[in-house]
Amino acid sequence: MKNPEKSKRPTHRVYVVRQTGEKSFWTEIGAAWTNQDGKGFNLKLYLIPTAGTEIVVREATDEGDAS
């Protein structure tokens with residue numbers, strides 16, 4: 001049985017991080033929710049990352065920043 005108090009909002013945000021020299025460029029590409037058993041995530045990606053980029057999953061915050 002699902003917890004009725006559990007939010008349907010994503011618990012995490014998914015970013016692709018591209019390095020150019022000393023600079024990092026973060027682009028939000030989706031969202032993640034913890035599985036009901038707490039042992040994994042469900043991902044919904046809005047963009048597909050390209051080869052050579054890093055995917056980062058961070059806790060969602062009210063500010064929505066990547067740092």
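Points to keep in mind about this one:
- Each residue of region 20-34 is assigned a 3J(HN,Hα), and the resulting list reads 10, x, 8, 9, 10, 10, 9, 10, 6, 10, x, 9, 9, 10, 6 Hz, derived from the Karplus form 6.51 cos²θ - 1.76 cosθ + 1.60 (θ = phi - 60°), x at Gly and Pro.
- Cα-based reach from K8 at 19 Å (exclusive), listing lysines while leaving out same-chain residues under 8 positions away: K39, K44
- Once backbone amide H atoms are built at 1.01 Å from N, F41 has N35 as its partners under 5 Å, excluding neighbours fewer than 5 places away on the same chain.
- Using the Karplus relation 6.51 cos²θ - 1.76 cosθ + 1.60 with θ = phi - 60°, the per-residue 3J(HN,Hα) values for region 10-17 come to x, 8, 9, 10, 10, 10, 10, 10 Hz, with x marking Gly and Pro.
FYI, it's all coordinate maths here, none of it is from the lab. Note that this is a predicted model, so its numbers are computed, not measured.
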